[in-house]
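Here, each number is a calculation from the coordinates, and none is a lab measurement. The shown structure was predicted, so the numbers you read here are calculated from the model rather than taken from an experiment. Note that we place each Cβ from the backbone using ideal geometry, even for glycine, and neighbour counts take in every protein chain shown.
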Amino acid sequence: MKRILLATAAALLMTGTAHADPFANMYANTVSITTPDGKTSKAYVNQDMSWEQHMADGSVLKGTYAWKDAGTACFAQTDPAPRAPAAPNCAKIDEHKVGDTWTVTDDKKQTTTYSLTAGR
C-alpha cells in the first residue's frame, strides 16, 4: 500500500510542460494528498532533491528524486529501505502554485486530490 501511495505522490504533478524548476513553489510548503479512501498524507519536496511523506497512519517515508529529463522527475524511496530493489517512480511534472488544488485519476479510475499550501 505504501508503494502505491508513493507512486501516487510521484504522480502528484503529472502532465504539463516543464519550467526551469517545476518544484520551486513546493520548497518550504506542503502538499496534502487525499486518497480515494479519504486518508490524507503530507508530502514535502526539498530543494536538495530529497522528499518525505508523512502518512495518515503516522509513518514517514523518505527518499530522493532526480530529473530524468527537463520535464520528468523520478522518485526513489530510501527510508525505510524498500524490501526489494525497486525502480524509481517517474512522472511528468507540472508546476503548481500555493493555493492550487488538483486531482489525478489512476488507471483504476480512482481519484486522488492534491493541494499545495503555504508553510510546513
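Before moving on, here are some points about what is shown:
- Restricting attention to segment 75-101, the residues that are touching a residue at least 40 places away in the same chain (Cβ under 8 Å) and among the hydrophobic types (A, V, I, L, M, F, W, C) total 6.
- The lone criterion from (1) on the phi > 0 side of the Ramachandran plot; (2) touching a residue at least 12 places away in the same chain (Cβ under 8 Å) left unmet by LYS109 is number (2).
- Within segment 73-120, considering residues that are under 13 Å from PHE23 (Cα atoms) and among the basic types (Lys, Arg), the one surrounded by the most Cβ atoms within 10 Å (Cβ to Cβ): LYS92
- Those residues of segment 20-63 which are surrounded by fewer than 16 Cβ atoms within 10 Å (Cβ to Cβ), among the hydroxyl-bearing types (Ser, Thr, Tyr) and in a strand (DSSP E or B), in sequence order: SER32, THR40, SER50
- Look at (1) under 20 Å from ALA28 (Cβ atoms); (2) in contact with a strand residue (DSSP E or B) (Cβ under 8 Å, 6 or more places away or on another chain); (3) not acidic (Asp, Glu) and you find that ALA76 fails only one, number (1).
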